[in-house]
Amino acid sequence: MATWLDSLADASPQLVPDACEDYGRTVPSSLSALEAALAELMDLLDAPSRPESYYQNWFEEHPVVFEALGYEEVLPQPVLRREGRPNLKPDFLCRRPNGLWEVVELKLPNQQIVRTNLRYPVFYADVSRHIRQCRAYIEYFTEQVNRTRVAEEHGIDVQTHVSVVLVIGQLERDDPRQIAHQLSEERNISIFPYDELGATLELHRTQIVDHEEGGRGFAVQLVLAIREMEHQPNLILDVSVDIERDRLTLLMEPEGDLRLRLMDHQGMTHWVSASMQELGVEYDRITLLGIQVGFGDRSSVVTIEVDGVTRMARVFDPVELQVHFDAFIWGSDVDQRGQGSFLLFADVGWNEILSFADRRSVYQELDIEGKRAIAATGSLPSHLEVIPGTCIISVNHPLKSRVRCGAPAFRPGPDHDPSERTQ
């Protein structure tokens, strides 16, 4: 999906030590695939009246979903032939690691499941019909002749008693206890609402990065265009209240590596880096850059997102880092060793780890605001231009008196009020 970001694509000391190496282990690439699946599922659930084929396609296009649900092999829409009766065609046959097969049957997320406005709660008529369809799948595999036919035609060995997972509805519309009660007499049939599916995928994402979202840490979202500096690092952001500890520094190396330096509470330095090619970043292209650093008892994690997609994640040993987003410098640092060159369009920080849904919401909001601004004025809102020899220091920075930077070039938009930003 094209965004407004896509439409705009048209002599200081070395900061990085010679023996600097990335810290921690790289998170598997399946993280990006999982987040892409999650984002698309959220889009589908925002318009739940779409036909069933959309959800069938979503499952087929995102095999990482089956991996997250614990399946090792998947057959989409296998034809189950029956003599003298219409054939059956479940949405998926899926194999667990223990070798047992299950049927996954998809219905719509806007279907309410349990009718509660009667004397006794019952399934809605459409749901009862779906349950009967699930029973037909179960009964099919109880017959040896059918299992033999499936083995010959599909090359799989399905057990006599299969389970069926019916993906339907959303828990925000139904009480899970009522659903469980109505299913109490149904053997081997379970109902899996779509929002519970989304929650399962989010949990799987948390397990991949080995860190709980919404916990201790911080997050930064920037909209900027980085310019090339050939002979020295391009220092973008330094967040700190102390020169020797509790610092976050973001810079771009002349070779094209984006580096994040973390100085923890004990004064130890940790570096995380990724190439522009890995991140999908280009010079002079407006990009939404998201950085999250989370701290847990077992590990810490750094993730870097570009245009709403996680491009890099590192997990490493637990560290303690206390940063304050009211103390920052754009285009330099507190020891006056760096210079920067970039355009800054928007920035926001949080002293916590954001959930995937929250980060996606921020990205969509920035995207919508950018599209509106371009439609109304033909250009982006007000932005700041940082060039070597200039920087922007927050008014509350405790070390402001020790730093000397020139004033940044400020390019106001058509509706800019100069009182809105303090330099």
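Rule-based calculations on the coordinates, nothing more; no lab input. This one's a predicted model, so the numbers in the text were calculated from it and none came from an experiment. Note that we place each Cβ from the backbone using ideal geometry, even for glycine, and neighbour counts take in every protein chain shown.
The phi torsions of the range 355-360, fed into the Karplus equation with coefficients 6.51, -1.76 and 1.60 and a -60° offset, translate into couplings of 6, 4, 5, 5, 5, 5 Hz, rounded to whole numbers, with Gly and Pro shown as x.
Coupling constants for the range 164-181 follow from the phi torsions by the Karplus curve (6.51 cos²θ - 1.76 cosθ + 1.60, θ = phi - 60°), and in residue order they are 10, 9, 9, 8, 7, x, 9, 5, 5, 9, 9, 7, x, 5, 5, 5, 4, 5 Hz; glycine and proline get x.
Given a Förster distance of 60 angstrom, what is the FRET efficiency for Ala346 paired with Gln133, based on the Cβ-Cβ distance and rounded to 0.05? That pair, Ala346 with Gln133, gives E of 0.75.
For a test of the definition: using alpha carbon positions, the gyration tensor, and the 1.5 limit on a/c, classify the range 104-186 as rounded, prolate or oblate.
Details: a/c = 3.13, a/b = 2.40, b/c = 1.31.
Taking the square roots of the gyration eigenvalues as a ≥ b ≥ c, the range 104-186 is prolate.
Label-to-label distance, Glu365 versus Leu171, with points set 7 angstrom from Cα along the beta-carbon direction: 2.6 nm.
Here the residues Arg96, Arg85, ranked from fewest to most Cβ neighbours within 10 Å of their Cβ, fall in the order Arg85, Arg96.
Remark: Val79, Val293 ranked as Val79, Val293, counting other beta-carbon atoms within 10 Å and listing the fewest first. Net charge in the neighbourhood of Asn110 (other residues with Cβ under 13 Å of its Cβ; Lys, Arg +1, Asp, Glu -1) is -3. Database remark: amide H of Arg82 closer than 5 angstrom to the amide H of Asn87, Leu88 (H placed geometrically; neighbours at sequence offset of 5 or more, or on other chains; Pro and chain starts carry no H).
Using a basic spin-label model with each label point 7 Å from the Cα along Cα→Cβ, how many nm lie between His181 and Asp43? Those two pseudo-labels are separated by 4.0 nm. Kirkwood radius, the range 242-331, all distinct C-alpha pairs, inverse of mean reciprocal distance: 14.0 Å. In a DSSP loop and with at most 12 other Cβ atoms within 10 Å, the GluC sites (Glu not before Pro) in the range 119-179 are Glu143.
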